[in-house]
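Since the structure comes first, as structure tokens, the remarks are kept for the end.
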Amino acid sequence: MQADNSDCVETLIAKTQQVLKQVEEQLHKGRDPLLELNSCRPEQARQLIEALKKRELDGSLWPYMEQVFDCYGINTEFHSADCYILTPTENMREAHFPGLEDDGVTVTINRDIALAREDMQFLTDEHPMVMAAMDRVLSSETGNASVAVIQHPALKGGQFLLEMLFIVECSAPPVLQISRFLPPTPIRILIDQNQNDRSDEISHQSMIDTGDRFDKQQIAQFLNHQREVINAMIRLAEQEAERRMQVLIDASCQQLLLTYRTEIKRLTRLKQVNPGIKQDEIEQLKELALLGHDNIQQTQLKLDAVRFVITK
């Protein structure tokens, strides 16, 4: 039995030495794992292609764009299956909408039709008109504050809540690519009239708007009467949002430092066998890591939208 174990150990040692020799030869020739990671990997590429096809066929783009066109006063007319005619109107919110010509434009959401009809524009998530529309929705203040009447099984009628949407933003030089570690992240906070945080208990999707109309003057008077209570709800929401933002900051800093530390160690080892690796490259990574960490620590919290909710 001991002889068999000795043979296994010797075989393992020999195989390990062989693998080590191969790795050293690859490092000496300048093997770059980053380059390999960015090279085409068929399996991962297939998954991405399938995800893109699924997104293109899920049918969610046109309903979204139709709502945007309606909001900005653009007329939509049915042309044929998966094809629509867009024309400007006198009631447009802006004098010019990106991609919309004065005499209108015909669009399609069907790739096969777009390939066969050069006179139609093919709307996708990457189309300039769609991207410009999304940018306007995100940057415009229209609709950032609203009042809604909802029904929810966990809420009694006659209550009021404050739903606030914050955005965690980190402004940093493009060279740092901070979005890899901390992209703009929404934080939703829901506070009831008793100053209880109901964010995790009640989702935004479950708060069904009844569509009931209400008198704007009465709502304004009610809000003014409840000003002190609402201000207290806002302060509580801001405190909770700041707490959640700090959690994001801490996690992002750890991820950033781990990523740069791994790359610095790799280049340091590679430098020992490959003279093509300069010390300046390693120092630059260290500097980027420090700058990235400092920028993440200066992340700001921005209030993006607020909704006053009344239960029915």
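Annotation: of all residues in the stretch 124-141 being closer than 19 Å to ASP70 by Cβ and of a type in the set (Asp, Glu), the one that is modelled with the lowest pLDDT is GLU141. Number of residues in the stretch 208-234 that are surrounded by 11 or more Cβ atoms within 10 Å (Cβ to Cβ) and part of a helix (DSSP H, G or I) equals 10.
Residues that are surrounded by fewer than 16 Cβ atoms within 10 Å (Cβ to Cβ), closer than 24 Å to ALA305 by Cβ and of a type in the set (Val, Ile, Thr) within the stretch 165-188 comprise just one, THR185. So for the stretch 151-162 (the condition being in the same structural domain as ILE234 (by TED's automatic domain parsing), surrounded by fewer than 15 Cβ atoms within 10 Å (Cβ to Cβ) and either of a type in the set (A, V, I, L, M, F, W, C) or in contact with a helix residue (DSSP H, G or I) (Cβ under 7 Å, 6 or more places away or on another chain) (or both)), does at least one residue qualify? The answer is yes, given that some residue of the stretch 151-162 is in the same structural domain as ILE234 (by TED's automatic domain parsing), surrounded by fewer than 15 Cβ atoms within 10 Å (Cβ to Cβ) and either of a type in the set (A, V, I, L, M, F, W, C) or in contact with a helix residue (DSSP H, G or I) (Cβ under 7 Å, 6 or more places away or on another chain) (or both).
Only residues that are in a loop (DSSP other than H, G, I, E, B), surrounded by fewer than 17 Cβ atoms within 10 Å (Cβ to Cβ) and not hydroxyl-bearing (Ser, Thr, Tyr): list them for the stretch 103-126, please.
Within the stretch 103-126, ASP103, GLY104, ARG117, GLU118, ASP119, ASP125, GLU126 qualify.
Restricting LEU248, LEU258, LEU236 to residues that are within 29 Å of PHE166 (Cα to Cα), free of Cβ contacts under 8 Å to residues at least 24 places away in the same chain and in the same structural domain as ALA289 (by TED's automatic domain parsing) narrows the list to LEU258. Of all the residues in the stretch 203-215, those that are out of contact with any Lys or Arg (no Cβ under 9 Å at 6 or more places or on another chain) and over 17 Å from SER146 (Cβ atoms) number 1. Here ALA232 fulfils each of the conditions (1) under 18 Å from the mean Cα position of the chain (by Cα); (2) more than 19 Å from GLN298 (Cβ to Cβ) apart from (1). Looking only at the stretch 1-33, residues that are over 17 Å from ASN274 (Cβ atoms) and modelled with pLDDT under 65 come to 4 in all. Taking the listed residues GLU43, GLU90, GLU56, GLU77, the one that is at pLDDT 90 or above and charged (D, E, K, R) is GLU77, with no other qualifying.
Here PHE166 clears all of (1) touching a Lys or Arg at 6+ places or on another chain (Cβ under 8 Å); (2) in the same structural domain as ASN110 (by TED's automatic domain parsing) except the condition numbered (2). For the condition out of contact with any helix residue (DSSP H, G or I) (no Cβ under 7 Å at 6 or more places or on another chain) and assigned by TED's automatic domain parsing to the domain that holds GLY211, LEU303 qualifies. Being within 19 Å of the chain's Cα centre (by Cα), of a type in the set (A, V, I, L, M) and closer than 30 Å to ALA289 by Cβ, is that true of even one residue in the stretch 119-133? No, the stretch 119-133 contains no residue that is within 19 Å of the chain's Cα centre (by Cα), of a type in the set (A, V, I, L, M) and closer than 30 Å to ALA289 by Cβ.
Of all the residues in the stretch 174-200, those that are farther than 30 Å from LEU290 by Cβ, modelled with pLDDT of 95 or more and not charged (D, E, K, R) number 3.
The values are calculated or read from the model by the stated rules, or taken from the named source; none is laboratory data. In this text the structure is predicted, and so the values were computed from the model without any measurement. Every residue, glycine among them, receives a Cβ derived from its backbone with ideal geometry; neighbour counts consider all protein chains shown.
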